[in-house]
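Novice: Following this message is one structure expressed as structure tokens.
What follows draws every value from the coordinates through simple rules; no lab data is involved. What you are looking at is a predicted structure, and each value in this text was computed from that prediction instead of being measured. Reconstructed Cβ throughout: ideal geometry from the backbone, glycine too, with neighbour counts over all protein chains shown.
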Amino acid sequence: MVTLVLLSMAVVSGADAGATSQPGRVLELQVVSRVTKEPLAGVDLEIRLLGDSRKDATDAQGRCRIEYG
């Protein structure tokens, strides 16, 4: 079992995220090891918000960017 703790997370409005068509929201996060503090690549994530679900995986730097709204 893996327990994830989000150490760094930001919600950015569509204008700040560089969106040009419809305004939306972006969840930007990074997953790191609790023990080593190193980024974890390839972690599958599912975000559920207001009855909607989005899936993605972290990149080589442990970062993920999920658009919603």
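Novice: Starting at the first residue of the range 46-62, write each ³J(HN,Hα) from the Karplus equation 6.51 cos²θ - 1.76 cosθ + 1.60 with θ = phi - 60°, in whole Hz, x for Gly and Pro.
Specialist: 10, 10, 10, 8, 6, x, 10, 10, 10, 10, 6, 9, 6, 8, 4, 9, x
Novice: A further question on this structure: What does the C-alpha gyration tensor say about the overall shape of the range 28-69? Classify as rounded when a/c is under 1.5, otherwise prolate if a/b is larger than b/c, or oblate.
Specialist: Values: a/c = 2.77, a/b = 2.31, b/c = 1.20.
Prolate, because a/c is 1.5 or more and a/b exceeds b/c.
Novice: Could you rank the peptides 39-49, 55-65, 24-34 by their average count of other C-beta atoms within 10 Å per residue, with the highest value first?
Specialist: 24-34, 55-65, 39-49
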